[in-house]
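Notes follow the structure.
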Amino acid sequence: MNKLYEKYIKKESLPTLFCPGCGNGIIQRAAMEAIEMNGCKEETACVSGIGCSSWIPCYLQLDVIHTMHGRALPFAEGLKLAQPDKKIMVFTGDGDCVAIGGNHLLHAAARNIDLTVVMVNNNIYGMTGGQKSPTTPLEAKTKTSPYGCIDMPMDACGLVMTLGASYVARWTTAHPVQLTRSIAEGMNHKGFAFIEVLSQCPVQAGKNVWGEKDPAKIMDLYKKYTYMTKTGEVDPAGARSASAIEGKLPIGVFRNDPDAPEYLEKVEAKLAECGIR
Amino acid sequence: MANITVDGTCCKGCNICLTVCPKGIFVKSRKRNTYGTNMPAVENAEACVGCRMCERLCPDGAIDVDTEGDK
């Protein structure tokens with residue numbers, strides 16, 4: 001077994017429930033490495049919702065709450081307000097975070113509360129058998145869109161950026177080094193850190209979205225259908241030629257603003273202003 | 001020279017490591033892991049450059065790369 005796994009994983013609960021080749025394991029390893037880089041194992045607590053991706057922290061030797069479907073962010077906000085010195089990580093999926101928990105995502109991002117949200121985006125509802133999710137690409141044939149998906153896929157990174165989240169990044173499982181660095185930066189960042197990870201689901205999305213069940217080939221497709229942007233680039237699509245970005249998603253750190261006002265600081269300032277503390 | 005081990009109790013046989021190694025150290029084999037699927041064999045380990053992409057991209061933490069600098 002890997003040395004990092006021996007330090008962080010609960011050996012008695014192995015094997016993990018992830019299918020062979022699932023991207024969740026890669027994200028789990030990236031999160032472990034980020035915690036190791038920051039040296040904050042004792043101060044870290046994890047919150048997760050429901051879905052395959054929400055099982056990621058349950059195998060780690062950390063404080064974990066496995067909460068209701070879509071409600072991971074409210075639990076995490078409460079935990080942060082009760083224990084402000086803890087570093088809170090939230091692991092959530094695309095259905096959990098954008099579909100049923102969409103409202104909570106909007107409000108957590110607008111408050112800019114100090115959380116690190118890792119959204120695992122596999123473009124489908126994997127655990128329930130391959131139904132269409134808000135991020136399923138156009139024309140994908142799934143169990144609930146048998147003639148091809150007609151809804152525009154949601155851009156969760158763009159959504160939280162408009163609402164004022166101060167650290168926003170998108171990576172794929174084919175970029176594990178950059179993903180690790182982003183999670184480590186997000187944990188040190190004061191404010192709402194939102195990291196979307198495009199992750200392969202070889203069983204459900206492989207069958208319905210990609211037409212390819214080999215996880216390594218889906219990771220190659222992720223490299224092919226993404227393009228790299230720089231931090232703070234104003235209009236990444238406009239600066240490139242139409243042929244270079246056609247059908248591709250931007251990846252990279254989209255925003256890193258350490259000066260944005262954070263929710264807990266605003267609470268403390270208001271309490272001091274009213275003479276309560 | 002690196003000492004590369006694949007743990008048969010962790011490996012699920014997804015074959016991601018066969019494609020990510022730049023030196024092609026992992027090869028298909030007929031050896032079975034505890035799930036009953038084929039697990040990779042390590043060949044020509046002295047060619048390892050220590051990039052650790054196999055460790056990072058193994059979803060089950062089965063691969064351990066032990067280079068001399070670790071000790």
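A few points about this structure:
- If you go through the stretch A:158-182 and keep only what is touching a strand residue (DSSP E or B) at 6+ places or on another chain (Cβ under 6 Å) and crowded, with 23+ Cβ neighbours inside 10 Å, you end up with A:Val160, A:Ala165, A:Tyr167, A:Val168, A:Ala169, A:Arg170, A:Trp171, A:Thr172, A:Leu179, A:Ser182.
- Helices (runs of 4 or more DSSP H) contained in the stretch A:1-95 and holding at least 1 residues in contact (Cβ under 8 Å) with a residue 12 or more places away in the chain and within 14 Å of chain B (Cβ to nearest Cβ): A:3-8, A:24-38
- Residue that is nearest to A:Gly247 (Cα to Cα), among those in the stretch A:141-179 that are within 14 Å of chain B (Cβ to nearest Cβ) and touching a Phe, Trp or Tyr at 6+ places or on another chain (Cβ under 9 Å): A:Thr172
- Complete set of residues in the stretch B:8-32 that are more than 24 Å from A:His175 (Cα to Cα) and within 10 Å of another protein chain (Cβ to nearest Cβ): B:Thr9
- Residues in the stretch A:184-226 that are away from chain B (no Cβ under 13 Å), under 24 Å from A:Pro134 (Cα atoms) and in contact with an Asp or Glu (Cβ under 8 Å, 6 or more places away or on another chain): A:Phe192, A:Ala193.
- Just one residue in the set A:Asp63, A:Asp114, A:Asp96 is touching a His at 6+ places or on another chain (Cβ under 7 Å), at pLDDT below 95 and closer than 20 Å to A:Ile183 by Cα; that residue is A:Asp96.
- Residue match in the stretch A:16-24 (condition: among the hydroxyl-bearing types (Ser, Thr, Tyr) and under 18 Å from A:Val117 (Cα atoms)): no
- Per the conditions (1) in contact with a Leu (Cβ under 8 Å, 6 or more places away or on another chain); (2) part of a loop (DSSP other than H, G, I, E, B); (3) among the hydrophobic types (A, V, I, L, M, F, W, C), the sole criterion not satisfied by A:Ala237 is (1).
- Residues of the stretch A:126-176 that turn out to be hydroxyl-bearing (Ser, Thr, Tyr), within 28 Å of A:Leu115 (Cβ to Cβ) and free of Cβ contacts under 8 Å to residues at least 24 places away in the same chain, as a count: 2
- Residue match in the stretch B:49-67 (condition: of a type in the set (A, V, I, L, M, F, W, C), more than 10 Å from the chain's Cα centre (by Cα), more than 22 Å from A:Ser199 (Cβ to Cβ) and surrounded by fewer than 22 Cβ atoms within 10 Å (Cβ to Cβ)): yes
- So A:Lys190, is it more than 23 Å from A:Ala31 (Cα to Cα) and either part of a loop (DSSP other than H, G, I, E, B) or touching a residue at least 40 places away in the same chain (Cβ under 8 Å) (or both): no
- Of all residues in the stretch B:41-53, none are within 17 Å of A:Lys217 (Cα to Cα) and either more than 10 Å from chain A (Cβ to nearest Cβ) or in contact with a Lys or Arg (Cβ under 8 Å, 6 or more places away or on another chain) (or both).
- Scanning the stretch A:99-111 for residues that are over 26 Å from A:Lys266 (Cα atoms) and either buried (at least 23 other Cβ atoms within 10 Å of the Cβ) or at pLDDT below 90 (or both) gives no hits.
- Residues in the stretch A:195-224 that are part of a loop (DSSP other than H, G, I, E, B) and either more than 23 Å from A:Val177 (Cβ to Cβ) or under 19 Å from the mean Cα position of the chain (by Cα) (or both): 8 in all.
The values are calculated or read from the model by the stated rules, or taken from the named source; none is laboratory data. All values derive from a computational prediction rather than experimental measurement. Heads up, the Cβs are rebuilt from the backbone with ideal geometry, glycines too, and the neighbour counts pull from every protein chain shown.
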